[in-house]
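Here the structure comes first, spelled out in structure tokens, and everything after it is commentary.
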Amino acid sequence: MFEKLINRTNFKLLFIFYVFINTLALGYFGIQTNPLYIVVFIYGTIVLLYDLFKKEVIYSKNHLILIFLYGALLCIATYYNNAFSDKTSYIIAIMQMFIFLLIFAQPRSMSLKKLKKELKLIIPFVSVLVGTASLISLGMYFLNISSSRNGWYLGLVGTRLFGIYFNCNPASFLAVITVLLSLIAISNQYRFRILYIANIGIQLGYIILTQCRAAILILAVVSTAVIYYYFFRSKEFSKLKRITLNIVLCTAILFGTAIINKVAYIIPQLQGATVKEEGRFQFQSIQEIIELTMSGNIHNIPKIIQLTDQVTSGRITLAKDSVKVWQKDPLHGIGAGNFRKMLVAQNAASANYGQQILHSHNVFLETLVTAGIFGFAVFFLFFIKTLFVTRDILNKYKNKRAYFIILLFIMIFLSEFIGGFFDFGVFYVYSLSATLAWMFLGYTYWLNDQPDMPLVDHSQSVTFNRYELVSIQYRHEDIKRMNPEFVILNTRDDLDDYIIQVQYMLGKSTFVYDLYYSLNKNKKDNETLNKTLVKEFYPLIEDEIKGIYAQSEIK
């Protein structure tokens, strides 16, 4: 009973709800701190202590050591900056550590069965929360609802949709991730498929109407990857054609969103909205930057920097200010949640200065500013490790049915990392997209450490959990050229698992496996289903069988 209440899955659901509340415009109502942090802190501490007692916490993995160390350095930096660190600073640092320990890191007892159960809870939960918030926001757009209070905005701001979120940029990143979650649900035949399809439409509408350039760029990358996978991956194209095709698709999406946005704004105008030409995409300025750069004239550099700063909404100026803030304590860093306070103090500006400027708008610069030189070095090593893991798992599942699911997992945390180069990134507990990015990055690391796993369920009847090699009998022959045959030895129940014991035969060599499934429907002793499952399982262990045979002394 205690384990059912105190576990990481329940903590993840609670934490998702807590961070989702943080994404809303609480400042509009004068709420400075989400009071739910007390519940999250108490429950998270209990779960962590219980996992330590049960020896569920893993310390030996390189990526875990790196990210735990980064979290510790962030907490230390927050403690040392006692001039600016307040309650909010400590909340952010502690919650970030909870993300590393209980959301990113996987317990020792993690299994494919547990992972799938988590996904079937988390994906619908996130979809309902984000789908409802984005739908309300769309309604505010088309009804031309706009309001401001305490320096915060709701609804339609100029020609951009904020909605009920505190900032439309991280909300747009969250919308992209929600689209990816819906694709995972559809691929795995979750119930209420039509609602996931509708949610994709809602999120795409929200992304386009926010005019968030980073989110639209992310959407273009994600859309190109999905379209390429479904329609062009199996085609015999040269590398040049593949690159050209991706560029064309990406460009078409970027320009298409700008056109859709202009057409959609006709409806708010009918409700009394005033046309304000903000020039978010500034294609003319981008063209001028390219022309000045291609000229090769060194005297054009100041003009290029000025135009780039203009196009990026002051990102270069913000980067310069970030370096000045970092120089206050380059070794330790300034800690969590102190950036805006120190920026305001440094510029001697009013308390309303940069209401939305909570960080340096670049993930690597943010690690340098908040956790100092050592924190930056640790995170950079972790980032390089992540690149290699991403490459390895894509190669591992290259020709497997689960490749598309793995690709979606990667696109989830890749979306947040891309956003982190320009805007809100992976270190903010007021951004649900960051939490989900860490969650799916943790799943990806775990899956990369396991044998190949069929993440796509065969049907709604059964769910594959794991397999075990029971016995081997070798005979001297070339099994690589032989077609496999199989016989089902028996089927049995073992607690939650339905086990099929199968013997694969390659010539005179035999390999006996136990295949573990969960029955979603009563399909026991279904001979046709059993044979289908056994036949589809063989490609997963074909390379393993040949590898075992090749390494044996029997040649």
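Computed from the coordinates by the stated procedures, all read-outs in this text should not be read as laboratory data. The shown structure was predicted, so the numbers you read here are calculated from the model rather than taken from an experiment. When we count neighbours, we look across all protein chains shown, and the Cβ atoms used for this are built from the backbone with ideal geometry, even at glycine.
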* Asked: Non-local amide H neighbours of residue 188 (under 5 Å, H modeled in plane, Pro and chain starts lacking H): which ones?
  -> none
* Asked: Label-point separation (nm) for residue 508 and residue 111, each offset 7 Å from Cα along Cα-to-Cβ?
  -> 3.8 nm
* To do: In whole angstrom, note down how far apart the Cα centers of the stretch 173-202 and the stretch 96-164 are.
  => 13 Å
* To do: Distance check, please: which entries in 87/320; 4/400; 12/324 exceed 29 angstrom between their Cα atoms?
  => 4/400; 12/324
* **Added length on full extension, which subtracts the Cα-Cα distance from 0.36 nm per residue, residue 374 to residue 327** => 15.5 nm
* Asked: What FRET efficiency would be calculated for the residue pair residue 319, residue 487, taking the C-beta separation as r and a Förster radius of 51 Å, to the nearest 0.05?
  -> 0.20
* **Interchain or long-range residues, amide H under 5 Å from residue 498's placed H** => 517, 518, 519
* Structure fact -> Computed from the beta carbon distance with a Förster radius of 56 Å, FRET efficiency for residue 243 and residue 9 to the nearest 0.05 stands at 0.85
* To do: Quick one: which residues, 5 or more positions from residue 455 or on another chain, have an amide H under 5 Å from its amide H? H modelled 1.01 Å from N in the peptide plane, none for Pro or chain starts.
  => 402
